[in-house]
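The structure under discussion appears below in the form of structure tokens.
No value in this document is a laboratory result; all are computed from the given coordinates. All values reported here derive from a predicted model rather than from experimental measurement. All Cβ positions, even for glycine, are placed from backbone atoms using ideal geometry, and neighbour counts span all protein chains on display.
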Amino acid sequence: MKVCTGCKINKSFSRYHKKKGTCDGLRHACKECTNADNRKRWSSNKAAYNITSKEWAAANKETKKKSCKNWVENNREKYNGYHSKYRQNNPKKVKARMIVKDAIRHGTMTRQQCKIFDCFDIGEAHHEDYRKPLDVEWLCTKHHKQLHKENLV
């Protein structure tokens with residue numbers, strides 16, 4: 001048992017994160033207090049943390065990819081739950097994407113270059129209207145994300 005420096009409650013050792021360099025090998029604050037402090041620090045500096053996170057991800061693409069893959073493998077049920085919830089909430093989007101995917105597979109539609117001038121990357125299908133599933137604009141991943149980001153703002 002150990003007294004937390006944050007909430008001043010006596011708690012079992014399993015309620016503390018490990019920390020090398022302390023005499024007992026545990027943090028001084030319990031997991032709940034540490035997590036609350038981290039959330040508070042993050043919410044007051046969101047912009048800085050987002051920039052740092054994006055910079056790290058850009059510099060460590062392979063590590064990020066492996067980390068995401070490991071998370072999916074270790075949290076398969078949670079991952080499937082997210083996707084099934086998305087499919088339930090967005091049936092028109094899912095159906096339109098499947099129609100495009102089938103058309104490409106059957107050869108009635110081919111992937112094209114990004115429609116942005118001077119961009120020669122292979123495009124992704126962008127739907128302006130999901131009720132017209134084969135009416136798509138071809139945009140590379142970069143420009144597709146950019147378009148959605150601008151439309152959300």
Do any of LYS93/LYS145; LYS92/LYS132; LYS66/LYS145; LYS54/LYS149 go past 20 Å between their Cα atoms, and which? LYS66/LYS145
Would you mind counting up the charge near LYS8? Only other residues with Cβ under 13 Å from its Cβ, with Lys and Arg at +1 and Asp and Glu at -1. +1
Final fewest-first order of MET109, MET98 on the 10 Å Cβ neighbour count is MET98, MET109
Which angle from 0 to 90°, rounded to the nearest 10, does the C-alpha axis of helix 46-59 make with the longest principal axis of the chain? 70 degrees
For CYS114, net neighbour charge (Lys/Arg +1, Asp/Glu -1) across residues whose Cβ lies under 10 Å away: -2
Protection proxy ranking, peptides 128-141, 15-28, average beta carbon neighbours within 10 Å, highest first: 128-141, 15-28
As I understand it, the value is the acute angle between the Cα axis of helix 141-152 and the longest principal axis of the Cα atoms of the chain; what does it come to in degrees, rounded to 10? 80 degrees
Tell me whether the chain comes out rounded, prolate or oblate; compute the Cα gyration tensor, take square roots of the eigenvalues as a ≥ b ≥ c, and use a/c under 1.5 as the rounded threshold. prolate
Going through segment 37-120, which trypsin sites (Lys or Arg not before Pro) have at most 16 other Cβ atoms within 10 Å and a DSSP loop state? ARG111, LYS115
Would you kindly derive the ³J(HN,Hα) couplings of segment 62-69 from the backbone phi angles with the Karplus curve 6.51 cos²θ - 1.76 cosθ + 1.60 (θ = phi - 60°), listing them in order in whole Hz, with x for Gly and Pro? 5, 4, 4, 4, 5, 4, 5, 4
